[in-house]
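One structure is given here, and the rest of the page talks about it.
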Amino acid sequence: MLLLHCPLLLLLLPLSSRTQKLPTRDEELFQMQIRDKAFFHDSSVIPDGAEISSYLFRDTPKRYFFVVEEDNTPLAVTVTPCDAPLEWKLSVQELPEETSGEGSGEPEPLEQQKQQITNEEGTELFSYKGNDVEYFVSSSSPSGLYQLDLLSTEKDTHFKVYATTTPESDQPYPELPYDPRIDVTSLGRTTVTLAWKPSPTASLLKQPIQYCIVINKEHNFKSLCAVEAKLSSDDVFMMAPKPGLDFSPFDFAHFGFPSDNNSGKERGFLKSSKFGRQTPSKPRVDLHKICIGNKNIFTVSDLKPDTQYYFDMFAVNTNTNMSTAYVGTFARTKEEAKQKTVELKDGKVTDVFIKRKGAKFLRFAPVSSHQKVTFSIHSCLDAIQIQIRRDGKLLLSQSVEGVRQFQLRGKAKAKYLIRLKGSKKGASMLKILATTRPNKQSFPSLPEDTRIKAFDKLRTCSSVTVAWLGTQERNKFCIYKREVDENYNEEQKKREQNQCLGPDTRKKSEKVLCKYFHSQNIQKAVTTETIRGLQPGKSYLLDVYVIGHGGHSVKYQSKLVKTRKFC
């Protein structure tokens, strides 16, 4: 069997180690014919025992030829559609006679032989329409000229063709096990564990096989070619040539072969984008391919809960880079554990703990009619996200750090759903209060800047002087000190920044003083304090707590100070 893009026959036969050189009726005559570019013009011939990739324009048929020289020859043809269904037909007709009717032994004129081939329809052997990988296999095929006609009626598409006259010895495609299904052995909220039986090509023939898993949310795939086409035609395949513009089946430069002039240098296979059809970039599809070596069990992770996924498995022969698809499967991940909704009571502070990246739901249903409702949130550690819905309608979605208060318009018999989402850095802790009474304020108001400032010039061997901001609201401030080691650093201080821990958690010996402070002029709402009785050359951690009317406290950012060693 001889298969090639006709004018490429001389080039491809010596290049492919797997191409078999079969006897021809008259080698000299056949070589003369293929040198004429008009013979089989706009047709193709494929090498024996090699897979080719090609391209179809929509509603533009393509024809391939190959020659079987001897009767009773085994034959196998495989056609793999990539990203669209194909219509294809395989037929055979007798080869043209080599000698003239007079028996002179001289070859018939080339044009006369061409008419003999192209005018005859031939006998149809097989036809197929669809997007499955389909095969024609015969253990004994007659000699003749075989035609493979392909057509795509949906869209421009890629496809692959493989043909061989030695199917028993070639076996380029990995063989499937007797049970080619993929089993789902474990199912979680974000994970699915898959298992499959190994390919006999690996377990018995000891050929190098690797398995590639494909995950998506749309459908199963019937070939790896279809997966690669879906992922990115730019990355996987040569871009489709522009019909009629500097492209003919005899332009070798398009196939990576050097041309006779310099113009082909810029159009080699490695630079195929130079002549590719320019298409706008498309967003990446939600499709993932993972090649895992020769393992036959794998856990897919980082999936979304309560979501249906489709899983496909392909055995890939790493020697030939040809693949076979297992029977795909699908599975729906488990639902998220239903969140328990916490009921908020009017005017009562509720403590909430949220796992890292977790969420909590709270519900507030006032028993009486109300004009306004106030939500006060005190985030103890990092910022958290809050969403508030009233009867299903989103009213608020914000990030909260420290203490925040939100006042919303009320509605008779309204029910409020609060969703709190924790930090990505770690667990979150917070206090929340919901009330329909506008004067019920449990949390103290805070300035925008909650840092404590230390005055270096006022530092002595036994005292330090610090200042902090207040508000227009009269609040109680308490300052505490704690001696720490010299190697105490900012990282340790950060771990102790739980703003919800109040003065009641501190030792009495650490208390410095408490005082009330406020200023109607917000620009002058600053207070200073000198902490005395300290040891020379020692480090101290200072904390300021502001205590609201309801007794709840908020801690300012801790400050690390050090007394002078020599005075």
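The values are calculated or read from the model by the stated rules, or taken from the named source; none is laboratory data. This one's a predicted model, so the numbers in the text were calculated from it and none came from an experiment. Using ideal geometry, Cβ is built from the backbone for each residue, glycine included, and neighbour counts are taken over all protein chains shown. The area values use the complete protein model at the heavy-atom level, side chains included, leaving out ligands, DNA and RNA. Shrake-Rupley method; radii C 1.70, N 1.55, O 1.52, S 1.80 Å.
Sequence gap at least 6, Cα distance under 8 Å: using those rules, report the relative contact order of the range 443-567 to the nearest whole percent.
On the way: 277 pairs, mean separation 51.7, N = 125.
Relative CO of the range 443-567 lands at 41 percent.
Gap in Å between the Cα centre of the range 136-165 and the Cα centre of the range 298-361?
Between the Cα centres of the range 298-361 and the range 136-165 lies a distance of 43 Å.
How much accessible area per residue does the range 342-435 have, in Å², with a 1.4 Å probe? Please report the intermediate quantities before stating the final value.
On the way: 5040 Å² over 94 residues.
On a per-residue basis, 54 Å².
Quick one: dipole size for the range 342-435, taken about the Cα centre, charges +1 on Lys/Arg Cβ and -1 on Asp/Glu Cβ, in debye to the nearest 20. Please list the in-between numbers first.
Details: 21 positive and 6 negative charges, 68 e Å.
Roughly 320 debye for the range 342-435.
Shape verdict for the range 417-546, please, from the Cα gyration tensor: rounded (a/c under 1.5), prolate (a/b greater than b/c) or oblate.
oblate
Rounded, prolate or oblate: which fits the range 143-236 when a ≥ b ≥ c are the square roots of the eigenvalues of the alpha-carbon gyration tensor, with rounded for a/c under 1.5 and prolate only if a/b beats b/c?
On the way: a/c = 2.66, a/b = 1.27, b/c = 2.09.
Taking the square roots of the gyration eigenvalues as a ≥ b ≥ c, the range 143-236 is oblate.
Give me the lysines in straight-line cross-link reach of Lys289: C-alpha distance below 23 Å, same-chain residues under 8 apart excluded.
Lys160, Lys197, Lys217, Lys222, Lys230, Lys304, Lys334
Restricting attention to the range 403-476, which chymotrypsin sites (Phe, Trp or Tyr not before Pro) occupy a DSSP loop and are surrounded by at most 16 other Cβ atoms within 10 Å?
Details: sites: Phe406, Tyr416, Phe455, Trp468; in loops: Phe455.
For chymotrypsin sites (Phe, Trp or Tyr not before Pro) across the range 403-476 that sit outside H, G, I, E and B with at most 16 neighbouring Cβ atoms in 10 Å, the list reads Phe455.
Once R0 is set to 22 Å, what does the formula 1/(1 + (r/R0)^6) return for the Cβ-Cβ distance between Lys421 and Asn489, expressed as a FRET efficiency to the nearest 0.05?
Efficiency at R0 = 22 Å is approximately 0.15.
Rg to Rh ratio, the range 342-435, alpha-carbon atoms and Kirkwood radius? The partial results should precede the final answer.
Details: Rg = 12.6 Å, Rh = 13.2 Å.
Reported Rg/Rh, Kirkwood definition of Rh: 0.96.
Name the residues whose placed amide hydrogens come within less than 5 Å of the amide hydrogen of Asp83, ignoring near sequence neighbours (fewer than 5 apart) on the same chain.
Residues meeting the amide H criterion: His158.
Leaving out ligands and nucleic acids, note down the accessible area per residue over the range 452-562 with a 1.4 angstrom probe, in whole Å².
Values: 6230 Å² over 111 residues.
I get 56 Å² per residue for the range 452-562.
Hey, any idea what % of the range 452-562's accessible area is carbon plus sulfur with a 1.4 Å probe?
Details: 2860 of 6230 Å².
C and S fraction of accessible area: 46 percent.
Can you tell me the FRET efficiency between Thr153 and Leu396 if r is taken as the Cβ-Cβ distance and R0 is 60 Å, rounded to the nearest 0.05? Kindly include the intermediate steps, with their values, before the conclusion.
Numbers: r = 54 Å, r/R0 = 0.89.
For Thr153 and Leu396, the calculated efficiency is 0.65.
Please give the length that would be gained between Tyr135 and Arg389 if that part of the chain were fully extended, namely 0.36 nm times their separation in residues minus their C-alpha to C-alpha distance (nm, one decimal).
On the way: separation 254, 0.36 × 254 = 91.44 nm, distance 5.89 nm.
That works out to 85.5 nm of additional length.
Indicate the gyration tensor shape class of the range 516-567 (rounded, prolate or oblate), computed on the Cα atoms with a ≥ b ≥ c the square roots of the eigenvalues: a/c under 1.5 is rounded; otherwise a/b larger than b/c is prolate and the rest oblate. Numbers along the way, then the final one.
Values: a/c = 3.10, a/b = 1.87, b/c = 1.66.
Taking the square roots of the gyration eigenvalues as a ≥ b ≥ c, the range 516-567 is prolate.
Provide the per-residue ³J(HN,Hα) series for the range 375-385, in order, calculated from phi with Karplus coefficients 6.51, -1.76, 1.60 and θ = phi - 60°, each as a whole number of Hz, with x at glycine and proline positions.
After applying 6.51 cos²θ - 1.76 cosθ + 1.60, I find 10, 10, 10, 10, 7, 6, 10, 7, 5, 10, 9 Hz.
Carbon and sulfur atoms: what percent of the 1.4 Å accessible area of the range 342-435 do they account for? Display every interim value, and only then the final one.
On the way: 2400 of 5040 Å².
Looking at the range 342-435 in its full context, I get 48 percent from C and S.
Would you kindly derive the ³J(HN,Hα) couplings of the range 456-472 from the backbone phi angles with the Karplus curve 6.51 cos²θ - 1.76 cosθ + 1.60 (θ = phi - 60°), listing them in order in whole Hz, with x for Gly and Pro?
Taking θ as phi minus 60°, the curve returns 5, 5, 8, 6, 10, 6, 10, 8, 9, 10, 10, 9, 8, 8, x, 9, 6 Hz for the range 456-472.
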